[in-house]
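Working notes, beginning with the structure itself.
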Amino acid sequence: MAGLMTAALLVGCGGSGEGDALLTSYQRDLAEALGQPEPQPSDPINIGAFPDRRERLFEIPETRESMLDVYALRECHITSLVAARNNQLGRVAPPSQRWIYELELWRRLHGCWNSEVPAALSENNRDRLARLTMAKTEQLPLVSWNTLFDSDEWTGSFSRASSPLEPDSRDAIDEQLAAIEWLHAATLNQFSQEWQHASSTLEGHLDTLRRRPLTAEVLRALLLAEQRLGEANTLLEASLADTASCQPLAEAGSELKSLFQQKPAAEWLDDLEALANRWLGAIDALLESHVPPPKAVAHYRGRWLSLNNPAAPLPAFLTARDIHRRHWQALAERCE
């Protein structure tokens, strides 16, 4: 019976297609082997709606300076930059381009303030340079947050119009993980004069994120796996409460043992845990590198993205899997 228990722990589930079929088939065979009524699988809950735009962005006051005043700081090399931002194309630039602009503006202002230029300026212009440098220093972390949370590529990753992650999605995780890690590094290095922030690199990573709502897919797969494991756990709990539960297990013999050793299902369950840990861990690190979020985002993060909130999808899935192991252990010890 000990070998039977060990094999049982390998059973897993995936998305609403192949993965769900694996686990619902397992439930049916498990119910028959345990002499229990076949469960009626239920749909898991939906993931929460991502906060509205006005709830997830910071208000940043607009910096207003006349072009004459900006020209007075021409030695700081910001004149053409500000002009480009204020022209027709600059005003309709996507969030990613506005972040590149703010990064470059801060670097030029900061570099200028720490050069010999301020000593040659009039008192008014020196004060203006100090004020602009300080304002842009304070605003830059908010701008980088707004850039991320105002982009369709990022918000689309949490789309409710999505399906659970399927067992063949390992490459998608690897590809999009590189984009998340670059955004994380860019956030950590936004005050570094040496960090390279090419627009094409940023756009390339955002385009990668645009290809599929990966965060939503991971969350849905975790919710589905938790649901199916919970239903299987109910079967095991019923058998544990039945003093005669060992008889059907003994009669099932090698057929039941073969069922529990399904290699694809075993690999998927392990993969789901590993991939979810990697992806949600990277998301958590990216969010942690930013300023404290607005209240609505903090609530969403705690409910859906948390690595330790028992009600969040990943910890809840891990708990269901652990309960599944412990039930089989108890059943094995009784029937050994």
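The values are calculated or read from the model by the stated rules, or taken from the named source; none is laboratory data. Note that this is a predicted model, so its numbers are computed, not measured. For neighbour counting, all protein chains shown are included, and Cβ atoms are generated from backbone atoms with ideal geometry for every residue, glycine included. These area figures cover heavy atoms from the full protein model, side chains too; ligands, DNA and RNA do not enter into them. Shrake-Rupley method; radii C 1.70, N 1.55, O 1.52, S 1.80 Å.
Please verify whether residue 77 is in contact (Cβ under 8 Å) with a residue 24 or more places away in the chain, in contact with a Ser or Thr (Cβ under 8 Å, 6 or more places away or on another chain) and over 30 Å from residue 156 (Cβ atoms), treating the condition exactly as stated.
Details: in contact (Cβ under 8 Å) with a residue 24 or more places away in the chain: yes; in contact with a Ser or Thr (Cβ under 8 Å, 6 or more places away or on another chain): no; over 30 Å from residue 156 (Cβ atoms): yes.
Spelling it out, it is not the case that residue 77 is in contact (Cβ under 8 Å) with a residue 24 or more places away in the chain, in contact with a Ser or Thr (Cβ under 8 Å, 6 or more places away or on another chain) and over 30 Å from residue 156 (Cβ atoms).
For the range 206-241, what are the residues that are of a type outside the set (A, V, I, L, M) and either open to solvent by less than 40 Å² (accessible area, probe 1.4 Å) or within 14 Å of the chain's Cα centre (by Cα) (or both)? First the steps, then the outcome.
Step one: filter the range 206-241 for residues of a type outside the set (A, V, I, L, M), giving 207-208, 210-213, 215, 217, 220, 226-228, 230-231, 233-234, 237, 239.
Correct list: 208, 210, 212, 213, 215, 217, 220, 228, 230, 231, 233, 239.
Say whether the condition of being open to solvent by less than 30 Å² (accessible area, probe 1.4 Å) and not hydrophobic (A, V, I, L, M, F, W, C) is met by at least one residue in the range 66-83.
No, that holds for no residue.
Inside the range 187-220, can you point out the residues that are free of Cβ contacts under 8 Å to residues at least 40 places away in the same chain, outside any loop (DSSP other than H, G, I, E, B) and not β-branched (Val, Ile, Thr)? Talk me through it step by step, then tell me what you get.
We begin by selecting, within the range 187-220, every residue free of Cβ contacts under 8 Å to residues at least 40 places away in the same chain; these are 189, 192, 194-196, 198, 200-201, 204-205, 208, 211.
With outside any loop (DSSP other than H, G, I, E, B) added as a condition, the list becomes 200-201, 204-205, 208.
Matches in the range 187-220: 200, 204, 205.
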